[in-house]
Every structure is written in structure tokens, then in C-alpha cells.
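Read through the structure below, which is laid out as C-alpha cells, and then see the notes.
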Amino acid sequence: MMTAGESEAGVGSEEKNISFIISQLREITGIHDNRLLQKALRVSNRDINQAVSFLTDESAREPSYNAIANEPDNESSRATANQTRRSVIDLANNEKADLQKAIALSLRESEKLQEEAEVAGENLEANQVGETNTTESKVGLKRKRCEVWGDSPNPHDRKREDNWPVGLKNVGNTCWFSAVIQSLFQLPRFRQLVLNYTVPKNPHENCRSHAEQRNLAFMQELRCLFALMVASMRKYIDPSNAVDLLKDAFRSSEAQQDVSEFTHKLLDWLEDAFQMAANTKNSSKKSQNPMVELFYGTFLAEGIHDGKMFSNIETFGQYPLQVNGFDDLHQCLEGAMVVGEIETLQSDQSVTSGQENWFTKLPPVLTFELSRFEFNQSLGRPEKIHKRLEFPHIIYLDRYLHKNKELTRSRREEVKRLKEQSTVLQQRLERYMHYGSGPERYPLTDMLQYVWEFTKTKPSSVSPTQDVVGTPPPRSQPNTNSASAMQISSSELPIAKIPETPSPLNTPQAQHAAVHKPFTQSRPPMEMPAHPAPRHITAEELMFFESCLQRWRAEVEQDIADLKDSITQITQSIDQMYMDSSMCQVPYRLHAVLVHEGQASAGHYWAYTFDHSQNMWLKYNDVSVAESSWEELQRDSYGGSRNASAYCLMYINDNIPQLIAEGTDAETGQILEAIHTLPPELRQYVCEDNQHFMQELEEWNEEQVRKIPQKELVPTAEVQEPAVTLTKEQTVACQQNTCSASAKHAILVKEQTAQAIEKAATSYENAGAEAALKEAFHEEYSRLFDLAKDKPTPQNDPRLQHVLVYFFQNKASKRVIERTLLEQFADKNLSYDERSISIMKVAQSKLKLIGPSDMDMQEYKEWHEDYSLFRKVSVYLLTGLECYQNGKCRESLTYLVHAYHSNLKLLKNGKNRGIDETLIAYYRRKCLLELNACAADLFESGDENSVAEGLSIMNELVIPCMHLIVTNELSKEDLAAVEMMRNHWCSYLGEDMDSRLQEKLTEFLPRLLDCSAEVRILREPPKIRPNSPHDLCNRFAAVMESIHSTSPVTVK
């Protein structure tokens, strides 16, 4: 038996669902006749696809006799459309279905990716969603904790940094899920509602349908996900459980009946879950649903249709806006709020149909859905609208409110009048700026200026063809000999006689021709003015033209200035029309922007969200969460210049501070720490997950210790002690590892050390080994200190010559430098002769005197590790450049990528710690672009083996490199390169190609556009051999010299 409250709730939900479908039909078809829309809904039994077919059919708008005549054609066209839909995503029936179908496709793709990893136990768990006991279902404690491919094996790479926001893992083309969830999670009010949701008691008894059980299960999973996002120690969270529930829903027939955006479905499910909780608490009284209160509003649709007035109150969640034909958000809203013209009904006049929409209730969270997908009927496929659309940080919505209807109407009339004036003035200005009657038109001021310049040019009586085309003699005096003489006069006569040669035309200009003294010319230069000039102009004519043209030009310039000033004033008046205080009472602040990059059939989604606590924009791109800016948001979201553009804008009421208020302590009023904002059961769940992660970190650390070679861990017999504390063991291991690194550096420079000992031979002979060590030490110290003053040049980097040059330039401590130099004199490889051995032993004895209290061994170790990494980066760079110049781009890219990312670690500690990153990035881009072009050529060939090779290049080399690029701070050059490569592959979507190639392209593009969907790590380059400083410096000089020339590098 249904109670009255339940009946009312059901009716309200039914009405809201009908209103939502009608609003979808209105946006898809462009039809705003409510009666016709409701008729289509009745005929189609609320099937939106059939309703769209009914509305787009000519019979829906034509008289009955026309409908009968057209019936066979309509049937055939529907049959053709049905056939097309089997192979192409058809958005003709529903423009709003683009995201829904993209979601369905990505979920099917996710199924394929996870098929091999699924086991029978997981399937059993999925089938038992509604059968878990009440205690477990409260927080969903029975969850899978499995490693999905793509995770870094090192858990330290997956550890959260302080309280930085966490990301969401892409579990198979699920970037759309991450973008929506992150946008909502970063809204404190919504987050608190979800986390503090109370699960109904006896949920299995209260859930009357499978849909309610599913919604409740999803709510529980969302709470667990949000709790981990609040207080997890992980850098990113795996949302597989929530996505699995979505996958089941999108696969069901219910989802096909109500095609809508994922956001609408998400809020719909949460609304049902909150309604269930409210009904369980108080079944006799209907309570407000917090999801409805937060996200749903109402508007009044009123107007005239067929001479009759109508007025309806409709509910909306995400308000749809068209992009085509508009330049900014206010224009979109004006276009959506006013459809057609409304005139007062007169008995003697024809009535104009039209409709106006007025917001009667604005939700605290207002979401605008931008329609950026349309179906191209001629091509038979969906296309994305890349048009630029600007939107403000704060938008005032007073002009769209029903209470301001009369004021807004009067101002719209004023705006309309001003725009008409502006149009007339603009047309007049165009006549000045594009003057003329022919196909080519020019600014009138320029034309008057040109005429004035022509009249001022010094008159010339020389024909424009003079000295170019020989002038034939008059017909009355034919003379062949004279013609022949004319033809040879310029080339065969002696140079000295050329000035004396009579001109064929007896003109003053010819008589005063300059003497030609050629060096290489074969004929005299032409005596022509620099510009065309009048043949003859009198002083009176010149004065007349001067006065007229100058006056006319001044008048035209004044007219143009007046027109521009008037247009500017009108534009300012229009801009200020709604900026007075009465129209700035309802501000909405931009909270989140959901961005789509790619084409209609493939792409990637991410979100920009404003962090109110830190007062900055953040970019949520799956696992990556990075600080951003308003400028970057505009670049990615406005559209027009790239494949990326906003498809959803989320604004929040700036007059409701509770929307962004963080949780506070009831007694002290202070903001609670993350973990303390959670309910007890969720707090326990997060603590357990953090313990699991901590255990994973400890196991990893133990495994790394076990991997250290035994010869480095086992102490010699002389120093072995039966019982050693853990702290001492760690200290010994650290010293041994440090000595290993510094010993390698000592070996690298042993020739330089041997030369220093050789120079101290006299001191050794006169005063012994200790005096010789002191002299050699100070001489080598001074030499390296002076060498460190040399700055790196394109052909020479002194840091490669000696480890101490690197230490000096990076301002290492004096103790680190002195110990390093002493260790080089203590190197056992210096046993050349008695002198070297004696000095080595003295150095070793002094080295033993330096105890742990005298030297920070951890600091010492880090300095030597940095230098080892610096040499490694240098070798990677040099090898990569050598490979590139010898045409081996694949090998080169691997070296350059590892050089770049290893170099970033060095640069974090100081500019001189690493190599100039722009050089590495430049050649990395060149390799990427060449490999991309090579792969595209192989793909275009159509040959099966070539296509496979091309896609292999992209999957194994290009895409992993792009992933590494986009997860770091992008330079403008890198961004342009990535966009160029993506655009190149996306351009294939508009071409006719073999179905086999089309299938491979469709499968490949999501990986290209969404690098995070499939993280592949570039393989490590081959082991590098030890290089002496001399060899390394020679290679460096040779490669850098060849970069500035064109000859390839060959290094022996």
C-alpha cells in the first residue's frame, strides 16, 4: 500500500522526468511548441528516440494529406537511418546523446581491458551487491584492493604529498567519470551531504526495486570514494567499484529509455538515495530532497502559439545552451530565453508566435550544458563544434529572473534599438572602409591619399614602354636600315660611342640621358620615375587638386572617426545596460569547467575546479592534479583555436557562503582536519586503507634493502661485531654506498690526480710524503677552483672534467669538497710508484680520522649521487643527439626522454645542477614529430604490416613520451607539438577509409587523446659505458659543434 507522501513524491518525480525529456527534445530539434512536444512524448510512449523521429518527420508539421503522400519516403528514410546507426554513432535523433554514447563506448572498452583480469570471485561479488549484510553495506567495507596495470611498482610514486588533492585513476577510458566526480567533490556542501548520508535501516526491505538497490549501492561506493579522496595517503584513488555499477546501468534497457548525460544520471541516482533515506526516517511527512534543493531550479515558459497564450512552470537540472551563432555566455542565454517574437494579439493583425523563458527559482549550483556536438547529415557522422565561446568568472543572472521581467523587457527593447543603430552605422562605416564599385575595394582615405600622391609626383613625358620595347619608325617613312641600326646599337657598338648614339625619339629626356658605365649589364638602365606620374600638370591644376583632395580626405577622416566613436558609445551603452546595481544582485561564481579535447567520436575529458580554501584554480586530469590559472583555463576552455573546449560550466551562488564552507568543530568553530570531517565508520575505513598502504611502503623498502649486493652489506672480518644495533648498521651501509659512489668519481679523475702528485715530486724528495700530499692537495684545489669559474659554453662544459668543478659551481660545503679531494688522493688505483703509494697511504690515514661527527655522510652521499646522475644525463643527451644526427630517431627518443626527466630531478635542487632543459626538449620534440610523421605515413599506406608498424611506433614510443610531457609543466612549444600530432590523427576522422583502418583508428585515438588511460613506461636505454672526463668532453664538443653545422657526428 503506497502512502500519500510516497504518492506525491512519485508524482513529483514523474513530472520532473517529463519536463527534463521535453527540455531535451526542445534543444535537440529546435522546436519550442510545448503542445507539439507533449504530443510527440505521448505518441512515442516517452521514448526520446521515437519522439525525435516523430518531430523531425515532415508529417509532424504538415497537414494530413501531405503526411499521407510522404509516408513511403519517410519509411525508407527511417530504414536507412536505422541501417546507418548500426555502424555509426548517430546523434541526429538526440544531440544530447553524445556524452551518453561516449560513456557507453568507454565502458564497453573498459570491459575489454579488464576481461582478462576478472576472476570468478569478483563476478560473484558483483552479483551479490544487494545481498551483503547491513553492517558491511553501511560503508561498503568489502572492497577489492587489486593493483591494476599502469600503476608504478614503487608505492612511493603513489604517495600523496601533504594535503594536496588526490586524483582518480583512469580504469579504461573513464576520464568522463573523473571530471564529473572531481568537480562535485570539490564543492564542500555536496561533499558533506554525501559523506554524512545515513544509510536506511533494513535496506533490502525498503528497496522496492533493483534500481533502488543499485542507487543505494552506488551511494555507498561514492561515500567510500569521497572518504578516500578526503584523507587517503595515496596520490590517486581507484574508482573501479563505482564505475562497475555504472557499467551495469548503462548496459541495461532502462538507461536506453532515458538518454541523458552522466551528470544527470548521477544526480538522479543520488536524489533517489536521499529520498529513500527521507522516506525511511519519516514516511508520513514529505521532506525536501537535498539534491533537488542544491541542483534543480524552475523556469516559467510563456508565450503565444496559434493565437493562444500559454504559461508553464518547468523544472531543470542542467540548463542546455546552444553554441552555434553565439560569442559569449550571455548571448547563449539570451538566445535560450527568447525564442521568436511575441506580439499582442490583434483582431486585424496576424499573430507572431514566440516564447520567453524566465527563471523563477535558481538552484544554488547552476550547471550550463554547452551543446558542442551535432550530426552532419551530408557526411552521416557526428561532428564537434569548435567555435570559440567566452564565459565570465562571475555572471549576474538578474536579467533572466521572472521578478525582473518588465525591467528586462524594456532594456531588451533598448538593446535592440541600439543594435539596429549600430548595424546602420557599421554599414556606413563599411562603405568608407571598402570603397569602390568593382570586385576590389579599398579604404576611401587611402584612395584619396594615393590620388594626391600621384598629382604631386614630378611630371614625366617618358612613355612607360620607353627603353623596354623598341618604338618602330613611322609608317610614312619605312626604313629597314635604320631599324637594324636601332636593334644593334645597344649591344654591338663600342661602349665609348653609346652616349653619342642618337636617340630614335627626339625628346628632351633622351637628350639628357646619363652615361652608362656597365660592369655586367648588357644595356643601359631605364630612365623611369620611381612611381607613375602625370605626363603634364599645370600649377593651377595642381593647386586645385591639392585643395580639393586635402579637404575631401580630412572630411572623410572626420566622418570615419565620428562613425567609430558612435559605434563605440553604442557598444559601451549595451555593455553597461545590465551593470547597474539593480541588475547585479544575483551573482554566480564559476566553480568548475569540464573540458573535452578531441573530436565527436573520440576524445579526453578533464576538469578545472576553483579551490576556495587555497584561492586558486586546479586542473584535475585523472591521476594528475596540478595548479593552474585563469589564463590556462581560458586557453583550454573557450575553444576556437584548438580541439579542446568547455562542454559544461558549473556556477555557484555567490550569495550563499555555506556552499563553500568547510566543516568546523561545533565547540571551537575551527576548521576540522581532513580525517576528522568523516563519520566514524568512514574514518575507520580510511584508516584501514592507509594501514594497507603503509604496509605496502614498508614491504617495498625491505625489498629494496634485500636487493643491495651482499658485498656491500657484509662488513670485513676485522670490523665484524657479534651484536650491532640497527642504527649503526644503517650508518655503515650508508658510508659504504657513499664510498662506492665517491670511489667511482676518484677513479674517473685518477689521471688528473696522478699529475698533481707528479708536480709535488720535489716536495716529496725534500720533505716526505705528508708535505707532498699537502702541496698536491692545495695545488689541485686551486686548479679546480679556477676551472670552476669557467661558465659552460655550447662546446665546453667544465663540470664534465671533474667532480669538484661541479661541486664548486653548485656551492657544496667545504667539508664535502675537501673530503672528496682527499678521497681521490687515497684511491688505491694510484699505486704507480713508491711516491704515489706513500702519498696514498698518508691520505688514507687522514681519511680515517674523519669520523661521523665531523661529516654529514648523508649530505656527502647526495652530492655524489647528484654528480653521478649529472654524468648519466650528459651521456644520455650526447648519445641521443648522435643517434638523431645519424637518422636513428627511435633510439634517440628513448635517450632524450630519459635525459630530460632525469635532468628535472637535478634542476629541482639548482640551476647549475643539471643541463639546459631547452636543448633536450628541442631535440625531443624533433624526434617526436618525425616519428609521428613516419607512423602516419605507414598508417596511410594501408598495408597491414605497415599499419601495424606505424601503430607500434605510436604505442611504444610516441604516446608514452606524450604522457610524460603532458604530466609535467608544458612549454608553449611542447603544447604546440602535442596538439599538432593529435590534430594530424584526428583529421583522419573526416576521410573515407577502409573499415579495417577505421576500426584500428577508433581503437587507437582514445589512447592518443587520453594519455593517462593507458600508461606505458618507456623502456630503459641500453647500459652506458663508463666515460673518462677526456672522452666525455671530446664527445660533448664534437656533438655540440655538429649541432651548429650540418655534418653528422662520428666519435671513435
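A few notes on this one:
- Residue-level check: of (1) touching a helix residue (DSSP H, G or I) at 6+ places or on another chain (Cβ under 6 Å); (2) modelled with pLDDT under 90, I837 misses just (1).
- Applying the criterion of at least 3 residues that are more than 24 Å from I915 (Cα to Cα) and in contact (Cβ under 8 Å) with a residue 12 or more places away in the chain to the helices (runs of 4 or more DSSP H) found wholly in the stretch 761-875 leaves 761-767, 769-787, 814-825, 834-848.
- Yes/no for D559 being among the acidic types (D, E) and surrounded by 15 or more Cβ atoms within 10 Å (Cβ to Cβ): yes
- Any hit, the stretch 957-973, residues being in contact with a Phe, Trp or Tyr (Cβ under 6 Å, 6 or more places away or on another chain) and either open to solvent by 10 Å² or more (accessible area, probe 1.4 Å) or not in a helix (DSSP H, G or I) (or both): no
- For the stretch 809-844, a residue qualifies if it is under 20 Å from A741 (Cα atoms) and open to solvent by 30 Å² or more (accessible area, probe 1.4 Å), and the qualifying residues are K811, S813, K814, R815, E818, K828, N829, Q844.
- Checked against the criterion of being touching a Cys at 6+ places or on another chain (Cβ under 9 Å) and surrounded by 23 or more Cβ atoms within 10 Å (Cβ to Cβ), the stretch 614-625 contains one or more residues that satisfy it.
- S868 among the polar types (S, T, N, Q) and at pLDDT 85 or above: yes
- Here M447 does not fit the description of being in contact with a Pro (Cβ under 6 Å, 6 or more places away or on another chain), open to solvent by less than 90 Å² (accessible area, probe 1.4 Å) and not polar (S, T, N, Q).
- Residue check, M579 aliphatic (A, V, I, L, M), open to solvent by 20 Å² or more (accessible area, probe 1.4 Å), part of a helix (DSSP H, G or I) and out of contact with any Lys or Arg (no Cβ under 7 Å at 6 or more places or on another chain): no
Listed here are the residues, each with its yes/no results for (1) modelled with pLDDT of 85 or more; (2) within 31 Å of the chain's Cα centre (by Cα); (3) in a loop (DSSP other than H, G, I, E, B).
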residue	(1), (2), (3)
Q634	yes, yes, no
G640	no, yes, yes
S645	yes, yes, no
L649	yes, yes, no
N655	yes, no, yes
Q658	yes, no, no
E662	no, yes, yes
T668	no, no, yes
H676	no, no, no
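- Within the stretch 909-935, if we keep just the residues that are out of contact with any helix residue (DSSP H, G or I) (no Cβ under 6 Å at 6 or more places or on another chain) and more than 17 Å from S971 (Cα to Cα), the residue that is most open to solvent (accessible area, probe 1.4 Å) turns out to be K911.
- Residue in the stretch 209-223 that is outside any helix (DSSP H, G or I) and not charged (D, E, K, R) present: yes
- Qualifying residue in the stretch 940-952 (condition: modelled with pLDDT under 75 and part of a helix (DSSP H, G or I)): no
- Hits in the stretch 375-397 (condition: in a strand (DSSP E or B), open to solvent by 40 Å² or more (accessible area, probe 1.4 Å) and not basic (K, R)): E383, E390, I394, Y396
- Given (1) open to solvent by less than 10 Å² (accessible area, probe 1.4 Å); (2) in contact with a His (Cβ under 8 Å, 6 or more places away or on another chain), index of the condition Q186 fails: (1)
- Qualifying residues in the stretch 413-441 (those that are at pLDDT 90 or above and either small (G, A, S) or in contact with a strand residue (DSSP E or B) (Cβ under 8 Å, 6 or more places away or on another chain) (or both)) - the one surrounded by the fewest Cβ atoms within 10 Å (Cβ to Cβ): H434
The values are calculated or read from the model by the stated rules, or taken from the named source; none is laboratory data. Because the structure is predicted, anything quoted here is derived from the model rather than measured. Counting neighbours? That spans all protein chains shown, and the Cβs are built from the backbone with ideal geometry, glycine included. Accessible surface areas use protein heavy atoms only, side chains included; no ligands, DNA or RNA. Shrake-Rupley method; radii C 1.70, N 1.55, O 1.52, S 1.80 Å.
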